1. Mind checking the angle between helix 78-87 and the chain's longest principal axis? C-alpha axes, 0 to 90 degrees, to the nearest 10.
2. Tally Lys/Arg at +1 and Asp/Glu at -1 over every other residue whose Cβ is under 14 Å from the Cβ of Val78; what's the total?
3. Mind listing the phi-derived Karplus ³J(HN,Hα) values for the stretch 64-70, rounded to whole Hz, using 6.51, -1.76 and 1.60 with θ = phi - 60°, and x for any glycine or proline?
4. Please check: in the Gaussian network model of the chain (C-alpha springs, under 10 Å), which one of Ser75, Ser88, Ser13 has the largest mean-square fluctuation.
5. Taking the Cα centre of the stretch 40-79 as origin, sum charge times position over the Cβ atoms of Lys and Arg (+1) and Asp and Glu (-1), and report the length of that vector in debye to the nearest 20.
6. Treat every Asp and Glu Cβ in the chain as -1 and every Lys and Arg Cβ as +1, leave all other atoms uncharged, and give the resulting dipole magnitude about the Cα centre to the nearest 20 debye.
7. Helix 2-18: angle to the longest alpha-carbon principal axis of the chain, degrees 0 to 90, nearest 10?
8. What is the sum of charges, Lys and Arg at +1 and Asp and Glu at -1, for the other residues whose Cβ falls under 14 Å from the Cβ of Arg95?
Amino acid sequence: MLKRIAAMLCIASVLFIVGCAAHVHNIGDGPPRPSRPQEEIVERQWYLLWGLVPINEIDTNDIAGDATDYQIVTSMTVVDWLVAVVLSPASIYSRTVVVKK
């Protein structure tokens, strides 16, 4: 019985780890090197129906402004997981979008 529970916990943790994927897109040469200061703008994308229908629109071109070299990172953060725990019965989820320029 203990081996089954351990196996189920192991499988469940692997599924959660796979869900923590981040998508990184470099535009131009990407963000400036660490020697130069970086500006990070963080926005939250909201979804309805378990991620099928976006509620708000995040325009990364507007966020980047005049920058030609920047990076866009979309991921599920700890805050997004907490939102999912609370709002999943209403099928509302979020994802964090970070623009580094």
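1. For helix 78-87, the angle is close to 60 degrees.
2. Every neighbour counted, the sum reads +1.
3. 5, x, 8, 5, 9, 10, 7
4. Ser13
5. Around 300 debye, computed over the stretch 40-79.
6. The calculated dipole for the chain is roughly 700 debye.
7. Helix 2-18 sits at roughly 20 degrees to that axis.
8. -2
The values are calculated or read from the model by the stated rules, or taken from the named source; none is laboratory data. In this text the structure is predicted, and so the values were computed from the model without any measurement. Backbone-built Cβ (ideal geometry, glycine too); neighbour counts: all protein chains shown. Only protein heavy atoms, including side chains, enter the accessible area calculation; ligands, DNA and RNA are left aside. Shrake-Rupley method; radii C 1.70, N 1.55, O 1.52, S 1.80 Å.
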